[in-house]
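The values are calculated or read from the model by the stated rules, or taken from the named source; none is laboratory data. Remember, it's a predicted structure, so these values are computed and weren't measured experimentally. Here the Cβ positions follow ideal geometry from the backbone for every residue, glycine too, while neighbour counts run over all protein chains shown.
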Amino acid sequence: MRPRLVRLAYGLLGDLQESEDVVQDAWLRLARAEEQPEDVEGWLVVTVSRLALDVLKSARKRREEYVGPWLPEPIVDADPADRVTLDESLSLAMFVVLESLSPAERTAFVLHDVFGVPFDEIARAVGRTPAACRQLANRARRHVQEKAPRFDVDVADHKRVVDAFAAACEGRDVEGLLAVLDPDVVLRSDGGGLVRAALRPVVGADRVARFLIGIQQGGFRAVTVNGLPGLVRDHQLAVYGLAVRQGRIVEVDIVRNPEKLRSLR
């Protein structure tokens, strides 16, 4: 139950430490409750969602003042024993789209479409009627369908493209990169103002390829990033999340903010 609650909070917050704190707070509230609820799991889902929504609302202003593009704390090689596992529904690229939703829209969409939480429980978390929450989820879903990148379903194909990307970067092979980058590829680099990173998204295959060659230091190791094949660069630590469609990379998301890479240090 706990791994699912952490994953749920992470889907709302994009910060694993904050998610674990929220879940811990919910368990403490359950322990202090004068009467234990009949449906403990349902009570915890609502409580975690409500607490995460409060954190998300307070984080909005901080993220508006964030230096450069904001990306979530990546989950790298999640331990299957913990089952805090993810798929493309909570990829780094998806979080970029979720950031454009209001806190209420994001909560309704993530709870219902990603975790299958009923609207009556979402209503208790958000403080609105089930009908209003359904409208929030519908509005968010349309936005996500318009903005979210489409992924290749075949993980083996995704990994093949990621491996080719890594080899081209390591070999400083511009032509090799252009062969795997979509013409309209977008690159985001999150340094949080703490390390060097691009302050704006880099758009277009040629510009992205030359940017990648310019920042390449050392080699990569293959990992899983938010449930999908990705890369870690240990020299000048960075995590690379790659969105792949039809054999081409459509988004490159690079997390360099050291505060988001604490688990890798």
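Observations on the structure shown:
- Being in the same structural domain as residue 137 (by TED's automatic domain parsing), in contact (Cβ under 8 Å) with a residue 40 or more places away in the chain and in contact with a Leu (Cβ under 6 Å, 6 or more places away or on another chain) is a property that residue 106 has.
- Consider region 151-176 and keep the residues that are within 21 Å of the chain's Cα centre (by Cα), buried (at least 16 other Cβ atoms within 10 Å of the Cβ) and among the charged types (D, E, K, R). The one that is modelled with the lowest pLDDT is 152.
So that you can scan it fast, the table gives a plain yes or no per residue for (1) out of contact with any helix residue (DSSP H, G or I) (no Cβ under 9 Å at 6 or more places or on another chain); (2) among the polar types (S, T, N, Q):
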{"site": "94", "(1), (2)": "no, no"}
{"site": "100", "(1), (2)": "no, yes"}
{"site": "104", "(1), (2)": "no, no"}
{"site": "125", "(1), (2)": "no, no"}
{"site": "149", "(1), (2)": "no, no"}
{"site": "160", "(1), (2)": "yes, no"}
{"site": "181", "(1), (2)": "no, no"}
{"site": "189", "(1), (2)": "no, yes"}
{"site": "199", "(1), (2)": "yes, no"}
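- When we screen 148, 179, 137 for residues that are within 22 Å of residue 98 (Cβ to Cβ), surrounded by 14 or more Cβ atoms within 10 Å (Cβ to Cβ) and at pLDDT 95 or above, the only hit is 137.
- Number of positions in region 135-177 that are in contact with an Asp or Glu (Cβ under 7 Å, 6 or more places away or on another chain) and assigned to a helix (DSSP H, G or I): 6
- Within the span defined as region 186-205, every residue fails to be under 16 Å from residue 158 (Cα atoms) and either of a type outside the set (Asp, Glu) or assigned to a helix (DSSP H, G or I) (or both).
- Filter result for residue 131 (surrounded by 22 or more Cβ atoms within 10 Å (Cβ to Cβ), more than 19 Å from the chain's Cα centre (by Cα) and not in a loop (DSSP other than H, G, I, E, B)): no
- Hits in region 226-256 - residues which are over 18 Å from residue 208 (Cβ atoms) and not in a loop (DSSP other than H, G, I, E, B): 228, 229, 232
- Neighbours by Cβ (under 6 Å, 6+ apart or cross-chain): first from region 56-73, in contact (Cβ under 8 Å) with a residue 40 or more places away in the chain; second surrounded by fewer than 15 Cβ atoms within 10 Å (Cβ to Cβ): 67/193; 68/199; 70/63
- Selection of region 182-205 for residues being surrounded by fewer than 16 Cβ atoms within 10 Å (Cβ to Cβ) and among the hydrophobic types (A, V, I, L, M, F, W, C) yields 194, 195, 199, 203.
- Residues in region 6-21 that are among the charged types (D, E, K, R) and either more than 19 Å from residue 122 (Cβ to Cβ) or free of Cβ contacts under 8 Å to residues at least 40 places away in the same chain (or both): 15, 18, 20, 21.
- Those residues of region 174-193 which are more than 15 Å from residue 239 (Cβ to Cβ) and touching a residue at least 24 places away in the same chain (Cβ under 8 Å), in sequence order: 174, 177, 178, 180, 181, 182, 184, 185, 186, 193
- One residue stands out in region 91-110 among those that are in a helix (DSSP H, G or I) and under 22 Å from residue 188 (Cα atoms): the one that is farthest from the chain's Cα centre (by Cα), namely 106.
- Among the criteria (1) of a type in the set (A, V, I, L, M); (2) within 28 Å of residue 16 (Cβ to Cβ); (3) crowded, with 19+ Cβ neighbours inside 10 Å, the one residue 222 does not fulfil is (3).
- Yes/no for residue 133 being touching a strand residue (DSSP E or B) at 6+ places or on another chain (Cβ under 8 Å), without any contact (Cβ under 8 Å) to a residue 60 or more places away in the chain and of a type outside the set (D, E, K, R): no
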